[in-house]
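Structure record follows, encoded as structure tokens.
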Amino acid sequence: MKVTVVGAGNVGATCADVLAYKEIAQEIVLVDIKEGVAEGKALDIWQKAPIDVYDSRTIGSTNDYSKTANSDVVVITSGLPRKPGMTRDDLIETNAGIVKSVTENVVKHSPNAIIIVVSNPLDVMTYQAHITSKLPRTKVMGMAGILDTARYRAFLAEELNVSPKEIQAILMGGHGDTMVPLPRYTTVAGIPVTELIAKDKLDAIIERTKFGGGELVKLMGTSAWYAPGSAAAQMVEAIVKDQKRVFPVCIKLDGEYGIDDCYLGVPVILGKNGIEKVIELDLNAEEKALLEVSRGHVKEVMAVLDKLGK
Ligand SMILES: NC(=O)c1ccc[n+]([C@@H]2O[C@H](COP(=O)([O-])OP(=O)(O)OC[C@H]3O[C@@H](n4cnc5c(N)ncnc54)[C@H](O)[C@@H]3O)[C@@H](O)[C@H]2O)c1
């Protein structure tokens, strides 16, 4: 399998590294616009192979998409990250132009690739990549839910003093402060989390999760990369190994949850065909209301993109 990662910055290089050392793809191409950066990081990852004992091959390219030809999956991480004081939406104008030109190059050389968008604002950059690529909605998706769920699971594991492996959870909605956590569907080794934690503590963890990205931006002056890079690699793995894993993934909704024409995170089954099924949960009134707020927010940012001319 051949996987391209566009953007050899913090998230892209981390994703390529995980794809290599976990041998998720045999051939990995890292692309960046900055001269030599992708080549250098790819060479570094390849030189780690004898130490970490893997045989996946990573190569780099400065904006030469011919090297990415016939990729099975492409991860798009190119674009500005947030700085302290910025929201994800502040990135829209610059990143929309980048995601558009990158997507054009990607589909020109890999017309059958499945595209995973990571650049922010995530839901709207998924919209941009989808309309530019003209691919079916099941083949253009955004990564955010795995990361947001991982943050939630990590906070819960810490609070309950259990292994993060034991915590199963799902959340929905846009990637941002309007995400919709679903405590009803959160379990610890099968035990509903609500039986193990007081409501006020759980509420505090949900709030921390919503602003989890901002917490890291404040600490580091830029956004996170280890967990985001691994999350994107986990989606690639589900696709290239046809694992049929269930993850929250951003997709254009076409009537699911009563929503049309909006890009939102929902639980899906991921396999070799991309998004093979959108799972529709029976949401209660409170969850539906939260999802509606999230939809309204994403639609506002989609309208900004429409005004920019896509
Ligand atoms: N979806 C998520 O959950 C999530 C999580 C973390 C970061 N992000 C987003 O991912 C993006 C990347 O974050 P990062 O921390 O890796 O940033 P970064 O600045 O470290 O890396 C971005 C890279 O993109 C490259 N680039 C810019 N324009 C390009 C183009 N036209 N073609 C190819 N490469 C180009 C830059 O040269 C740079 O190396 C940001 O938009 C960030 O907000 C999303």
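The values are calculated or read from the model by the stated rules, or taken from the named source; none is laboratory data. Given the structure is predicted, the values throughout are model-derived calculations rather than measurements. Ideal geometry is used to build each Cβ from the backbone, glycine not excepted, and the neighbour counts take in all protein chains shown. These area figures cover heavy atoms from the full protein model, side chains too; ligands, DNA and RNA do not enter into them. Shrake-Rupley method; radii C 1.70, N 1.55, O 1.52, S 1.80 Å.
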What are the GluC sites (Glu not before Pro) within the stretch 1-65 that DSSP puts in a loop, where the Cβ has at most 11 other Cβ atoms within 10 Å? E35
For a 23 Å ceiling on Cα separation, which of these pairs sit above it: K252/K272; K22/K83; K134/K272; K199/K252; K108/K307; K2/K139? K22/K83; K199/K252; K108/K307
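Which three numbers, in whole Å and largest first, are the semi-axes of the equivalent ellipsoid of the stretch 2-142 derived from its Cα gyration tensor as √(5λ)? Working shown, then result.
Details: eigenvalues 116, 61, 33 Å².
Each semi-axis is √(5λ); the values are 24, 17, 13 Å.
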For the chain, what does -39500 (n - 2.57) per DSSP helix run (n ≥ 4), summed and divided by total residues, give at 222 nm, in deg cm²/dmol to the nearest 500? -14000 deg cm²/dmol
Tilt, helix 37-52 to longest principal axis of the chain (alpha-carbon atoms), in degrees rounded to tens, equals 80
Rounded to the nearest 10 degrees, the helix 226-240 long axis (Cα) sits at an angle to the longest Cα principal axis of the chain of 80
Segment L160-K48, length gained on full extension (0.36 nm per residue, minus Cα span): 36.7 nm
Looks like the stretch 196-310, by Cα gyration tensor root eigenvalues a ≥ b ≥ c and the a/c under 1.5 rounded cutoff (else prolate when a/b is bigger than b/c, oblate otherwise), is rounded
Whole-percent carbon and sulfur share, accessible surface of the stretch 145-308, 1.4 Å: 53
Would you mind getting the accessible area per residue of the chain, heavy atoms of the protein chains only, 1.4 Å probe, in Å²? 44
Percent carbon-and-sulfur accessible area, the stretch 2-142, ignoring ligands, DNA and RNA, probe 1.4 Å: 52
So, taking all protein chains as they sit and a 1.4 Å probe, how much accessible area belongs to M1, in Å² rounded to tens? 110
Principal axis extents for the chain, Cα atoms only, whole Å, descending order, please. 52, 48, 38
Once you place label points 7 Å from the Cα toward the Cβ at D282 and N70, how far apart are they in nm? 4.9
Find the centroid of the Cα atoms in the stretch 77-93 and in the stretch 129-203, then give the distance between the two in whole Å. 22
Helix axis angle, 285-308 relative to the chain longest principal axis, alpha carbon, degrees: 30
